[in-house]
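Quick note: the coordinates plus some simple rules give every number you see, no bench work behind them. On a predicted model such as this, the values are computed, not experimentally measured, just so you know. For neighbour counting, all protein chains shown are included, and Cβ atoms are generated from backbone atoms with ideal geometry for every residue, glycine included.
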Amino acid sequence: MEEFKIATANDIEELLPLVNSAYRGENSKKGWTTEANIIEGDSRTDVSSLLTMMNDENAIILTYRNNNELQGCVYLQKQDEKLYLGMLSVNPEIQGGGIGKKLLRAAEEHAKNMHCDVITMTVISVRHELIAWYERNGYKDTGKRKPFPDDEKFGKPVQPLTFIVLEKQIQ
């Protein structure tokens with residue numbers, strides 16, 4: 001049985017390894033969303049960051065479970081009239097099975113409920129496959145760029161990195 005639910009602090013024990021394994025470390029290489037080849041370090045997030053996200057009154061972490069097993073999540077934060085989408089994570093062992101698309105659709109529903117007509121996100125510019133996937137799902141490059149954070153907390157880039165800003169108009 002599929003279920004979408006807003007994460008709470010009780011979910012952190014499951015969320016932390018899911019998010020980190022989707023992006024970093026050896027396990028991430030089982031999926032196609034890995035950043036392990038461009039950013040050193042095994043951790044994409046930590047308990048403190050997840051708690052900060054959960055405690056933001058304008059944000060949620062939406063989880064996706066199938067048969068009570070946490071398989072994916074996405075961070076959604078209302079920023080004025082836009083909804084910021086980040087940390088879209090799917091268990092790397094089952095990526096490519098449509099969970100990411102389900103999370104995108106759920107994010108669009110959340111945007112509508114929050115009276116946002118645009119979803120915005122940042123993606124590392126060298127993640128060409130990921131950018132193409134978002135574009136196939138209706139997101140467009142705005143032409144805006146943002147610097148990658150110069151903070152070891154986010155990992156150590158092995159090359160210069162920037163973010164591109166993608167957006168999608170919600171009907």
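Summary of values
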quantity	calculated
Highest-first arrangement of 83-91, 114-122, 6-14, where packing means the average Cβ count within 10 Å	83-91, 114-122, 6-14
Net length gained if the chain between GLU152 and ASN37 were fully extended (0.36 nm per residue, minus Cα distance)	39.8 nm
Long-range Cα-Cα pairs in the chain (distance over 18 Å), rounded percent	60 percent
Straight-distance crosslink candidates among aspartates and glutamates, where the alpha carbon sits under 14 Å from LYS156 and sequence neighbours closer than 8 are dropped	GLU35, GLU40, ASP42
The stretch 73-115 residues near the modelled THR8 label - backbone nitrogen below 20 Å, point 7 Å along Cα→Cβ	73-76
Among the listed pairs LYS112/LYS168; LYS78/LYS140; LYS29/LYS78; LYS101/LYS144, those beyond 22 Å (Cα-Cα)	LYS29/LYS78; LYS101/LYS144
Distant-in-sequence amide H partners of LEU88 (H built 1.01 Å from N, under 5 Å)	TYR75
Within a Gaussian network of the chain (alpha carbon springs, distance under 10 Å), most fluctuating of ILE94, ILE39, ILE131	ILE94
Candidates PRO147, PRO92, PRO157: whichever shows maximal mean-square fluctuation once the chain is modelled as a Gaussian network with Cα springs under 10 Å	PRO147
Neighbour cut-off at most 16 other Cβ (10 Å), DSSP loop, trypsin sites (Lys or Arg not before Pro), the stretch 1-80	LYS29, LYS30
